[in-house]
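Shown next, in structure tokens, is the structure this report addresses.
The values are calculated or read from the model by the stated rules, or taken from the named source; none is laboratory data. Everything quoted here is computed from the prediction, not taken from an experiment. Here the Cβ positions follow ideal geometry from the backbone for every residue, glycine too, while neighbour counts run over all protein chains shown.
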Amino acid sequence: MVIHEYGNIEAEKILVLHPMLLTGAFAAKLFAPRSDRYCIIAPDLSAHGQASSSEFVSAENEAAQILCYLKEKGYTDIALTLGISLGARIVLELLKDDDIHWKCIVLDGAPVYKNARFLRFVYTAVFLSKWKKARKCKGFAQKKMTALFGEAGEVMGSTFESMCEKSLRNIIAACSRFDFYPYPKDVQQRMYFEFGSKEIDARQAKTILRRYPFVHIALHKGYGHCQYMAAEKRHTLRYLKSA
């Protein structure tokens, strides 16, 4: 993992964790309009960006590295924590640590499953098939993803081609298993789950509310996985008012 800091280093802290295949620098762009007023902490998760040579082991391992960094720097009060997809799964591990005050927590497209064996099997088969083709035909994934996602696709394709099989398997495993840690009421009240109505993870909304009755959940009609906050960047910035 490589952890970057952008913006006003002396100001209040924002922690943003990117989704699978993107990078810290790309995720930090969401807060570019407020970079003069906040310090944006944006890690490249293992197997991504400048940390592409390191293996992704688990969400717990990634969270431990981030917590170590925050505590060494004396960052014990985080105004806003944003986790996107894989990043949201890691944030759920971070919240288990009560030495740091997480003021406002936004989880976009969070994969929250007790043990989704079937999904894990399907995603592993699909991603490995595409990964093997990407490794065999260099530039194929980057070209295809760029056509679909523009600038983000270029980064995603490059990351996908450079990722090792073990990291890919471990990421899928991390996103299909969660222990439903008993977060206290005051932490739940600061948690905001965001889902697109078309994404498969949105089906977990009822389970999340049953386990965590004090969290906030928003379902955005017509949007897929992580599409709403990417399209409506002003919505993300609104959370700074809660921070």
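Computed values, structure above
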| quantity | calculated |
| --- | --- |
| Output for region 61-81, where each listed residue is in contact with a helix residue (DSSP H, G or I) (Cβ under 7 Å, 6 or more places away or on another chain) and in contact (Cβ under 8 Å) with a residue 60 or more places away in the chain | GLU62, ILE66, LEU80, THR81 |
| Hey, GLU12 touching a residue at least 40 places away in the same chain (Cβ under 8 Å), touching a strand residue (DSSP E or B) at 6+ places or on another chain (Cβ under 8 Å) and either among the small types (Gly, Ala, Ser) or more than 19 Å from ASP108 (Cβ to Cβ) (or both) or not | yes |
| Single unsatisfied condition, LEU82 versus (1) crowded, with 18+ Cβ neighbours inside 10 Å; (2) over 14 Å from ILE14 (Cβ atoms); (3) of a type outside the set (Phe, Trp, Tyr) | (2) |
| Residue check, ARG177 farther than 16 Å from PRO19 by Cα, charged (D, E, K, R) and surrounded by 17 or more Cβ atoms within 10 Å (Cβ to Cβ) | yes |
| Residue in region 226-233 that is assigned to a helix (DSSP H, G or I), out of contact with any helix residue (DSSP H, G or I) (no Cβ under 7 Å at 6 or more places or on another chain), acidic (Asp, Glu) and under 22 Å from ALA152 (Cα atoms) present | no |
| Condition check for GLY74: within 26 Å of MET145 (Cβ to Cβ) and at pLDDT 95 or above | no |
| Failed criterion for HIS101 (all others in (1) exposed (fewer than 12 other Cβ atoms within 10 Å of the Cβ); (2) without any contact (Cβ under 8 Å) to a residue 24 or more places away in the chain hold) | (2) |
| Total residues in region 167-197, condition in contact with a helix residue (DSSP H, G or I) (Cβ under 8 Å, 6 or more places away or on another chain) and not hydroxyl-bearing (Ser, Thr, Tyr) | 14 |
| Residue match in region 182-199 (condition: among the charged types (D, E, K, R), in contact with a strand residue (DSSP E or B) (Cβ under 6 Å, 6 or more places away or on another chain) and either within 21 Å of PHE26 (Cβ to Cβ) or not in a helix (DSSP H, G or I) (or both)) | yes |
| Residue count for region 19-60, restricted to those that are over 24 Å from GLU154 (Cα atoms) and out of contact with any helix residue (DSSP H, G or I) (no Cβ under 9 Å at 6 or more places or on another chain) | 2 |
| Single residue of region 155-167 satisfying the filter (out of contact with any Ser or Thr (no Cβ under 8 Å at 6 or more places or on another chain) and touching a residue at least 60 places away in the same chain (Cβ under 8 Å)) that is nearest to ASN115 (Cα to Cα) | LYS166 |
